[in-house]
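Derivation of every value follows stated rules applied to the coordinates shown; laboratory data play no part. A quick note: this is a predicted structure, and the numbers were derived from the prediction, not measured. Note that we place each Cβ from the backbone using ideal geometry, even for glycine, and neighbour counts take in every protein chain shown.
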Amino acid sequence: MIKKRALVTGGSGGLGAAICQKLAVENYQVFLTYNSNAAAAQATLESLPAEGHQAFALDISNSHQINELAKQLTEEHGRLDLLVNCAGTTRFVEHRDLDALDDELFDNIFRVNVRAPFAMVRAFKPLLVEARGCVINITSIAAQTAMGSNIAYCASKAAAENMTRSLARALSPAIRVLAIAPGLVDTEFVKGIDPQWRNKQEQITPLGRLARADEVASAVFYAAEQMTFSTGTTLAVDGGRPLGI
């Protein structure tokens, strides 16, 4: 029996798919969005237990498309208990190479990682208020360490965490807003990175390994269902990684 409804952006990616899987196992009806990989989105849907889950193509940087999706879900379902802003973007650029971090890349990172989560909350606020729901923004330990794929990415995740606190204050008590900050997650994408660099990240993490996607997914479920007197705060899932810097 479906108990609650959740919308997960970036649900076709490795981390997003794990979040969808965890929520579906816990009897959520899952709506997931994807940018262009329809095959991956379909594979995620087929992996979920129970029925009624749906996937939607969505340009997360396009507020008009976000508003249209909110209208559709309002008309078809009328309720949303959980919004997980998992979609994000980045590209590896050496921090010292300022010229390589061009304006187009910088702006796109902020469109996707900061403006888009805000636009999602803005569009789905009525549904979330109706359910006294929860928003969870997937950020990164880069928000605190300033170490990540590039300077703009680190800054965008710091902005997303600050925005989490602002939204929590603005939307309380009707909607709780939390952030989950993973360390490096051992997804297929990360497994394809230079093994020497990846091994170094494991070695300087106090718990001696990278995060698993299912561990981050469990944190999302915990934040939504168990941290019921928490809002405007960030839950780290990083193996103590900042302690190893």
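Of all the Cα-Cα pairs you can form in region 41-94, what percent are over 13 Å apart?
Looking at region 41-94, the distances longer than 13 Å represent 74 percent of pairs.
Quick check: pseudo-label points 7 Å beyond the Cα along Cα→Cβ at ALA38 and SER172, how many nm apart are they?
Label-label distance for ALA38 and SER172, simple model: 4.4 nm.
Hey, what number do you get for the chain at 222 nm if only DSSP H runs of n ≥ 4 count, each worth -39500 (n - 2.57), divided across all residues, to the nearest 500? Could the numbers behind the result be given before it?
On the way: 10 runs with 111 residues, N = 245.
For the chain, the value works out to -14000 deg cm²/dmol.
Please work out the Cα center distance from region 190-225 to region 80-124, rounded to the nearest Å.
21
Would you work out which of ILE60, CYS154, ALA217 lies farthest towards the positive end of the dipole of the chain, given +1 charges on the beta-carbon of Lys and Arg and -1 on that of Asp and Glu, about the Cα centre?
It is ALA217.
Considering only C-alpha atoms, what is the centroid distance from region 149-177 to region 1-68, in Å?
Result: 22 Å between the Cα centres.
Where the Cα atoms of region 78-206 are projected onto their three principal axes, how long is each span, largest first, in whole Å?
49, 34, 23 Å, listed from the longest principal axis down.
Given a Förster radius of 35 Å and the C-beta distance between TYR222 and ASP103 as r, what FRET efficiency does 1/(1 + (r/R0)^6) yield to the nearest 0.05?
Details: r = 39 Å, r/R0 = 1.11.
Computed FRET efficiency for TYR222 and ASP103: 0.35.
Cα convex hull of region 1-83: how many Å³ per residue? Let's see the in-between values first.
Numbers: hull volume 6.7 nm³, N = 83.
Cα convex hull per residue, to the nearest whole number: 81 Å³.
Considering Cα pairs under 8 angstrom that are at least six residues apart, work out the relative contact order of region 13-154 and quote it in whole percent.
Working: 160 pairs, mean separation 34.8, N = 142.
This gives 24 percent for region 13-154.
Given H placed 1.01 Å from N in the peptide plane, which residues other than close sequence neighbours of PHE31 have an amide H under 5 Å from its amide H?
The answer is ALA6, LEU7, VAL8, GLN54.
Over the Cα atoms of region 1-47, what is the Rg over Rh ratio if Rh follows Kirkwood? Write down the numbers at each step before the final one.
Values: Rg = 9.8 Å, Rh = 10.3 Å.
When Rh is taken as the Kirkwood radius, the ratio is 0.95.
How long, wide and thick is region 177-245, going by the Cα atoms along their three principal axes, in whole angstroms, largest first?
Over region 177-245, Cα extents along the principal axes are 42, 25, 15 Å.
Which whole-number percent of Cα pairs in the chain have a distance greater than 23 Å? Kindly include the intermediate steps, with their values, before the conclusion.
Values: 14106 of 29890 pairs.
Summing the P(r) tail past 23 Å for the chain gives 47 percent.
In nm, to one decimal, how far is the SER47 label point from the GLU68 one, both placed 7 Å along Cα→Cβ?
With each label placed 7 Å out from Cα toward Cβ, I get 2.8 nm.
Using mean Cβ contacts within 10 Å as the protection proxy, how do 150-158, 96-104, 48-56, 11-19 order, highest first? Before the final figure, lay out the partial values.
On the way: 150-158: 22.3, 96-104: 10.2, 48-56: 15.6, 11-19: 26.0.
Ranked from most to least packed, the peptides come out as 11-19, 150-158, 48-56, 96-104.
Can you list the HN-Hα couplings for region 125-133, worked out from phi with the Karplus curve (6.51, -1.76, 1.60; θ = phi - 60°), rounded to whole Hz and with x for Gly and Pro?
Rounded to whole hertz, the list is 3, x, 5, 5, 4, 4, 9, 6, x.
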